[in-house]
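A short worksheet on the structure shown next.
The values are calculated or read from the model by the stated rules, or taken from the named source; none is laboratory data. Remember, predicted model here, so these are calculated numbers, not experimental data. Positions of Cβ are backbone-derived with ideal geometry, glycine not excepted, and every protein chain shown enters the neighbour counts. Please note that ligands, DNA and RNA were not included when accessible areas were found on the heavy atoms of the full protein model with its side chains. Shrake-Rupley method; radii C 1.70, N 1.55, O 1.52, S 1.80 Å.
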Amino acid sequence: MTMLPDSDDGPRPMPVFGPAEIGALAHLYRAEIYRGTVWRTRLDTTTNWSVGTLGVALSITYSDPQASPLPLFLVGILILVFLWIEARRYRYFNVWRERSRLIETRFLVSMLDGRHTEPAWRDALASEYRRPRYPVSMLTAIARRVRSNYIWILLVQMLAYLGKLLVHPTPAPSAAAVLERAAIGPLPGWFVLGAGGVYVAAWVGLALWAFAGGAGPDSDDDKPEG
């Protein structure tokens, strides 16, 4: 009988799982998979909000040559709100995902291979329930969602905004005309475009950081793990 540490009562024996314990673990695994599926669906919901909001802004901006490009600029703020909500949901999703992966890799794989399972995984799983934690930071969550989805939303928004400045109400004859069209009230065009440049650079930087592995080796939740 293996002895494993217990944070409350000191060392304790780790009993061998019987049919009842394995059945309970199977139900626990199903519950974690279900919760992960629910939160994965919630990620798709916030992405749909961003796509729908951008579509409304495109419709308003391109409905008339005289229409202002301002909706395409302001929609970026709303998309950032949706990204923040989605990153929070992604952190919750990873809680359930990590627990189910722990059961899969440390128990089910060993059982299928016919090998003796190491008892340490049970203590690791118990710690996940005893002291719940987020497996990824908020910055990592944001970077992964930008890399997976929001970088493409940004691309459409950026091209649509620049296209509006260049072609409406008539093709821009010069860079000065583009700057003039980009002005928003008292804000000069160079300031507006500069702020947009910082906005784009931040998103692209996060996406590149995630693509380069800065968000961790297990950073792509849309593909099987290697």
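If you go through segment 123-173 one residue at a time, how many are within 23 Å of the chain's Cα centre (by Cα), charged (D, E, K, R) and more than 23 Å from G197 (Cα to Cα)?
The qualifying residues number 2.
Could we say that V146 is hydrophobic (A, V, I, L, M, F, W, C), buried (at least 18 other Cβ atoms within 10 Å of the Cβ) and under 30 Å from A26 (Cα atoms) here?
On the way: hydrophobic (A, V, I, L, M, F, W, C): yes; buried (at least 18 other Cβ atoms within 10 Å of the Cβ): yes; under 30 Å from A26 (Cα atoms): no.
Here the answer is no, as V146 does not meet what is asked.
State which residue pairs qualify: first residue within 18 Å of K164 (Cβ to Cβ) and open to solvent by less than 80 Å² (accessible area, probe 1.4 Å) and inside segment 187-201, second residue in a helix (DSSP H, G or I) and basic (K, R) in any location, beta carbons under 9 Å apart, and separation of 6 or more residues or different chains.
Listed pairs, sorted by first residue: G189/R181.
Give segment 162-186 a look and list any residue that's open to solvent by 60 Å² or more (accessible area, probe 1.4 Å) and aliphatic (A, V, I, L, M), or say none.
L162, L166, V167, A175, A176, L179, listed by residue number.
Is it true that some residue in segment 164-174 is more than 28 Å from P188 (Cβ to Cβ), modelled with pLDDT of 90 or more and not in a loop (DSSP other than H, G, I, E, B)? Show your work before the answer.
First, pick out the residues of segment 164-174 that are more than 28 Å from P188 (Cβ to Cβ): none.
No; the residues of segment 164-174 include none that is more than 28 Å from P188 (Cβ to Cβ), modelled with pLDDT of 90 or more and not in a loop (DSSP other than H, G, I, E, B).
Are any of the residues in segment 43-56 at pLDDT below 90 and touching a helix residue (DSSP H, G or I) at 6+ places or on another chain (Cβ under 8 Å)? Give the steps one after another, and end with the answer.
Our first condition is that a residue be at pLDDT below 90; within segment 43-56, this holds for 43-44.
Filter once more, so that each one left must be touching a helix residue (DSSP H, G or I) at 6+ places or on another chain (Cβ under 8 Å): 43.
Yes, the conditions are met somewhere in segment 43-56.
Name every residue in segment 16-45 that is assigned to a helix (DSSP H, G or I) and either over 23 Å from R101 (Cβ atoms) or acidic (D, E) (or both), in order of residue number. Break it down stepwise before answering.
So the first thing to find is which residues in segment 16-45 are assigned to a helix (DSSP H, G or I), and the list is 19-45.
Scanning segment 16-45 gives P19, A20, E21, E32, D44, T45.
Only one of these is open to solvent by 60 Å² or more (accessible area, probe 1.4 Å) and among the β-branched types (V, I, T): V95, V75, V156. Name it.
On inspection, the qualifying residue turns out to be V156.
Cβ-Cβ below 9 Å, separation at least six or inter-chain, first residue in segment 59-84 and closer than 21 Å to P171 by Cβ, second of a type in the set (K, R): which pairs?
Hits for this filter: T61/K164; Y62/K164; A67/K164; S68/K164; P69/K164; P69/R181; L72/K164.
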